[in-house]
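> Sharing a structure below in structure tokens format, with a few things to ask.
The values are calculated or read from the model by the stated rules, or taken from the named source; none is laboratory data. In this text the structure is predicted, and so the values were computed from the model without any measurement. Here the Cβ positions follow ideal geometry from the backbone for every residue, glycine too, while neighbour counts run over all protein chains shown. Please note that ligands, DNA and RNA were not included when accessible areas were found on the heavy atoms of the full protein model with its side chains. Shrake-Rupley method; radii C 1.70, N 1.55, O 1.52, S 1.80 Å.
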Amino acid sequence: MPAHQYGARARRLAKLRSLDLPVPLGFVISVETVRNIAEGRMPDVAPLLAEFGAKGIVSVRSSPVMRDWGGPESQLNIGLNEKIYQLLCNRLGQAAATALYCRFVQDYSINVARLDEAAFAGLGNAEAGSAKTLRASVAIYEEELDEAFPQDPRHQLTQVLRSMARAWQGTSARILRQARGAPADAGLGLIVQRMALGLGAGESGAGVVQFSDPDTGKVGVSGRYLTQSQGRDALIKGQKTGYIAIDARGASLQEASPNALKNLRSYAKTARIACRDAVRFDFTLEDNKVWLLDATPAVRNSKAAVQIAVDLVKDKAISQQSALLRLEPRNLTELLHPQVDAKAEFEIFASGIAASPGAVTGAIVFTATAAQASAARGEPCILVRRETGPEDIRGLHSANGVLTERGGMTSHAAVIAKGLGLPCVVGASGIKLHLKAKTVICQNDTLLAEGDIITVDGTTGKAMIGPVAMSQPDLGGAFATFMGWARTHCDIGIRTNADSPTDARLAQRFGVDGIGLCRTEHMFFKDDRLTVMREMIMADNENDRRVALDLLLPMQRSDFIELFEIMGDNPVCIRLFDPPLHEFLPHSRDEMRELAEAMGLPISRIIARTEDLAEFNPMLGMRGVRLGITIPEIYEIQARAIFEAAVHCTKNGSKPVPEVMIPLVSAHREVEMVKARLDGIAAAVQIESGVGFDYHLGAMVETPRAALRAGDLASSSAFLSFGTNDLTQMAYGLSRDDSGRFMRDYVNQQVFAEDPFQTLDIDGVGELLLLAAKRGRAANQSITLSLCGEHGADPASIAFCREAGFDYVSCSPFRVPIARLAAAQCAVRDGALGDDGDYWV
Ligand code: PEP
Ligand code: MG
């Protein structure tokens, strides 16, 4: 039965009937007829009603063309009148018959005759079945409309159809469904169906049931059942609802009618294979006999969705390709981190941008030093800052979660937290930090102090007071199987941005194709390296600088050896030093004194040098390759560390091919100069060690000029990697660290369709990428193209890169599975899909 003519529910019911499952007799009124009804052209319902017999009681249910579009509420018990009421009194008993008739009178009055619901509020419960309530309800109708309550079933049905068809055309219904993606001319079918009563003799009632656990996807029973009820009464809060399986907390269907449960389980098994998905039934019991009123996808969280998809493939109900399309890539994050338990209760004290997923509980710390002390004591902590900078790296490494008052999706805290897999909320504008007093004042004036326990939920962007119940991730089992299929079907490389062995190991667990960006500057914030780094920056001549750099050389070498070893045969792309030097300088007076002591210099020299290095616009100043050109020793020492690490690993039997990447290039000559120096160092290391190795040199394309001159750059490069964080910043002239302050307004007012730091701006920045790719390829056919900005895990941006023929994208470790699934889905959609796709759409 085509859904576009009769609606999705009609199609589902037809399917159930074709499987010989017990569906009450029904007829479908087509989308076209419903349109006619809305416009006043009523069909003759008499022949239709005749099919149900003289005593027939029917329901009318919505059947929108797409399941998600909603639709007017079901109307039940149509056909009830005084005569049928009397018959039902004999058949079902007075109480059940009265409850049914009373319910119909009230529903009809409110939904069809449009009387005010409040008019019936004081009458008592229709379900209670009191004759007084029934008579009072009829009296209200008759008084308000000045006519007798309609007794002719044909009239009743005609009016119900008219009101449902017109409700579908109403403004609020339109707005609601258009928000769910429905077109302006969205169609609705209607189903007229024999009422399975749910009230009366024997075990009767209604409920919903599914045989897969909504939290795990494994076999299990869940749902609700209410004896002597109809429709979805069992789901209404406050009802004395029962359970499906035996439950100590209350009555259950299993006890009331074990056979009905057995039958439902067997029907679900049949429907699961036929619908290629775990199903949830709406059902009614009529004197122990099960009637199915609908089968929809079983309710599930993301973990359960993976389990269900994997089990369906194992049972040969669907293909791997189809399974991969069953999950929204972004929802995978729920599986990778601990999450706030769905049933947990909590008190929110701040809301901001959900910058890095997962939830964590810990004590508030305000400084990197306090975070380190906390880690040393083995106590989890949350670093709470106005915003973070490179000097906080050590604190971020020690913290278990991050909360910042300022910042956007690509602010320092967001980028680093994502890389480290730290739950992080940024731009929590409702809080005020008082760093001197070491307190946070929250929106509701609550005062939190250092040491107070809080929970940060980077999945939803909320921060809560105190500990909150969590559920833990499980990366084996169905998840591992599912991700394995994603890798098989993915046709673009997925690498990781990793600055430390921890990052690299984590990404390996997720199955990664190498490191696409190692931001080496982060390594200089580790342990005792910062002081050496600062000594290097303070030096005012090359010799003194080299002394400090020589101390850093073995440290860097061991970093790279570890990365090569972890990555095995997979490539490792190492970016040379990028940030402005002043980011490494001490900020507080105490830190300056410490450095002065370490260097045996007066503090005035430290202050003077700090002032010297200050820039008006550091992100556009002395950073990236500009440092490499003006202070070549830095890149020289890094290159030597990389090449010596390659020699070390080669001697140990592996064959690393390091990739070295130059940041913030804007002129071809920059690449040529760095290349000449690096080639010289590579040759020297090979001669010194007697070990040969290959290396690839590439340029980052992250300035608009680099994109325009990509042809030149490609002629001297083995690869070009698009740094879309900086490229977006420079293309828009929009600070990546400050945009969080107004981005929400911009997106809300649709100035920008999306935050361009989250989803690649295809029209503008995307054009720069395409142009650069074209020019790069024209100059160097074997050029490798990639993207390593934060967009590397955004599904739409990945689709763009794949379409443009890029070799890989690179993203922070915890986002690798998302990128992998998004890329696999693109490939699956491009390929020939079997006929085992989503049954429900
Ligand atoms: C970029 O600019 O996109 C990039 C990857 O480099 P970073 O974020 O370190 O500036
Ligand atoms: Mg950059």
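> Quick one: putting +1 on the C-beta of Lys and Arg, -1 on the C-beta of Asp and Glu, what dipole do you get for segment 34-107 around its Cα centre, in Debye to the nearest 20?
Here the size comes out at about 160 debye.
> Same structure again: Pairs of alpha-carbon atoms within less than 8 angstrom and 6+ residues apart define the contacts here; what relative contact order does the chain have, in percent?
Details: 1767 pairs, mean separation 84.6, N = 841.
Value for the chain: 10 percent.
> Then there is this: By the gyration tensor of its Cα atoms, with a ≥ b ≥ c the square roots of the eigenvalues, what is the shape of segment 189-236: rounded for a/c under 1.5, prolate for a/b over b/c, or oblate? Please list the in-between numbers first.
Working: a/c = 2.71, a/b = 1.59, b/c = 1.71.
It comes out oblate by the Cα gyration axes.
> Next question, about the same structure. In degrees from 0 to 90, rounded to the nearest 10, what is the angle of the helix 542-567 Cα long axis to the longest principal axis of the chain?
40
> Let me ask you something else. Given DSSP loops and a limit of at most 13 other Cβ atoms within 10 Å, what is the longest stretch of the chain that contains no such GluC sites (Glu not before Pro)? Intermediate results must be reported in sequence, preceding the final value.
Values: sites that count: E39, E51, E147, E345, E615.
By the stated rule (loop sites, at most 13 other Cβ atoms within 10 Å), 346-614.
> Continuing with this model, one more query. Accessible area per residue for segment 395-525 in Å², computed with a 1.4 Å probe and the full protein assembly in place, what is it? Can you show the working numbers first?
Values: 4380 Å² over 131 residues.
Averaged over the residues of segment 395-525, the accessible area is 33 Å².
> Shifting gears a bit: Let me make sure I get this right: for segment 459-547, a, b and c are the square roots of the gyration tensor eigenvalues over alpha carbons, sorted descending. Under 1.5 in a/c it's rounded, otherwise prolate if a/b > b/c, else oblate. Which is it? It would help to have the intermediate numbers written out before the result.
Working: a/c = 3.73, a/b = 1.68, b/c = 2.21.
Note, shape of segment 459-547 comes out oblate.
> Is there a quick way to get the dipole size of the chain? I mean about its Cα centre, with the Cβ of Lys and Arg at +1 and of Asp and Glu at -1; what is the value in debye to the nearest 20? Display every interim value, and only then the final one.
Working: 89 positive and 100 negative charges, 474 e Å.
With only Lys, Arg, Asp and Glu charged at Cβ, the dipole is about 2280 debye.
> With the other protein chains left in place, how much accessible area per residue, in square angstrom, belongs to segment 587-681 at a 1.4 angstrom probe?
On the way: 4450 Å² over 95 residues.
Averaged over the residues of segment 587-681, the accessible area is 47 Å².
> Ok, one more. Lysines near K432 by alpha-carbon distance under 16 Å, same-chain residues fewer than 8 away left out - which ones?
K462
> For labels at E143 and V219 in the simple 7 Å Cα→Cβ model, what's the distance in nm?
A separation of 5.9 nm, rounded to one decimal place.
> Send over a whole-number figure in Å² for the accessible area per residue of segment 259-300, probe 1.4 Å.
The answer is 37 Å² per residue.
> Given the whole protein assembly as supplied and a 1.4 Å probe, what does the accessible area of D247 come to in Å², nearest 10?
The accessible area of D247 comes to roughly 40 Å².
> Given R₀ = 25 Å, what would the calculated FRET efficiency be for E565 paired with E688, taking r from the Cβ atoms and rounding to 0.05? Write down the numbers at each step before the final one.
Working: r = 22 Å, r/R0 = 0.86.
Given R0 = 25 Å and the Cβ-Cβ separation, E is 0.70.
> If you roll a 1.4 angstrom probe over the protein chains with everything in place, what fraction of the accessible area of segment 756-803 belongs to carbon and sulfur, to the nearest %?
On the way: 900 of 1870 Å².
After summing per-atom areas, the C and S share lands at 48 percent.
> Quick one: how many Å² of S212 are accessible to a 1.4 Å probe, rounded to 10?
Accessible area of S212: about 10 Å².
> Give me the number: length gained by fully extending R180 to Q781, i.e. 0.36 nm times residue separation minus the C-alpha to C-alpha distance, one decimal in nm. All intermediate terms of the calculation are to be shown ahead of the outcome.
Working: separation 601, 0.36 × 601 = 216.36 nm, distance 4.47 nm.
Result for the pair: 211.9 nm of gain on full extension.
> If you don't mind, another one. Packing-wise, with mean Cβ within 10 Å as the measure, how do 420-430, 15-25 rank, highest first? Mind dumping the intermediate values first?
On the way: 420-430: 25.3, 15-25: 16.4.
So the peptides 420-430, 15-25, ranked by packing, come out 420-430, 15-25.
> To test your reading of the geometry: what angle, between 0 and 90 degrees and rounded to tens, separates the Cα axis of helix 131-145 from the longest principal axis of the chain?
80
> In addition: What percent do you get for the relative contact order of segment 299-341 when only Cα pairs under 8 Å and 6+ apart count?
On the way: 20 pairs, mean separation 20.2, N = 43.
It comes to 47 percent, rounded to a whole number.
> Quick one: grab the alpha carbon gyration tensor of segment 721-841, order the square roots of its eigenvalues as a ≥ b ≥ c, and give me rounded if a/c is under 1.5, else prolate or oblate depending on whether a/b is larger than b/c.
On the way: a/c = 1.97, a/b = 1.18, b/c = 1.66.
Oblate is the answer for segment 721-841, as a/c is 1.5 or above yet b/c matches or exceeds a/b.
> Using DSSP, restrict attention to beta bridges with both residues in the chain and report what percent are antiparallel, rounded to the nearest 5. Can you show the working numbers first?
Numbers: 60 of 96 bridges.
Just about 60 percent of them are antiparallel.
> Determine how large the accessible area of I393 is when every protein chain is in place; take a 1.4 Å probe and give Å² rounded to the nearest 10.
0
> Nearest 0.05, what FRET efficiency do A118 and F27 give at R0 = 41 Å with Cβ-Cβ as r?
Values: r = 35 Å, r/R0 = 0.85.
Plugging the Cβ-Cβ distance into 1/(1 + (r/R0)^6) gives 0.70.
> Tell me the chymotrypsin sites (Phe, Trp or Tyr not before Pro) within segment 226-313 that lie in a loop according to DSSP and have at most 13 other beta-carbon atoms within 10 Å.
Details: sites: Y243, Y267, F281, F283, W291; in loops: none.
Sites meeting the loop and neighbour criteria: none at all.
> Then there is this: For R265 and D44, what does the FRET efficiency come to when R0 = 60 Å and r is the distance between their Cβ atoms, rounded to the nearest 0.05? The partial results should precede the final answer.
Values: r = 42 Å, r/R0 = 0.70.
Calculated value: 0.90.
> Stretch D544-E754 to full length: gain in nm at 0.36 nm per residue minus the Cα-Cα span?
Details: separation 210, 0.36 × 210 = 75.60 nm, distance 4.84 nm.
Here the segment from D544 to E754 would lengthen by 70.8 nm.
> If you don't mind, there's one more thing I want to ask. Summarise the accessible area of segment 1-59 (1.4 Å probe, protein heavy atoms) by the percent that is carbon and sulfur. Let's see the in-between values first.
On the way: 1420 of 2950 Å².
Accessible surface attributable to carbon and sulfur in segment 1-59 totals 48 percent.
> Taking the simple approach of a point 7 Å from Cα along Cα-to-Cβ for both R509 and A437, what is their distance in nm?
About 4.1 nm, to one decimal.
> Provide the gained length on full extension for the span T446 to R154, in nm with one decimal, where the gain is 0.36 nm per separating residue minus the Cα-Cα distance.
The T446-R154 span can extend by a further 98.9 nm.
> May I pose another question? Against the longest principal axis of the chain, how steep is helix 477-489, in degrees 0 to 90 to the nearest 10, with axes from Cα atoms?
That helix lies at roughly 70 degrees to the long axis.
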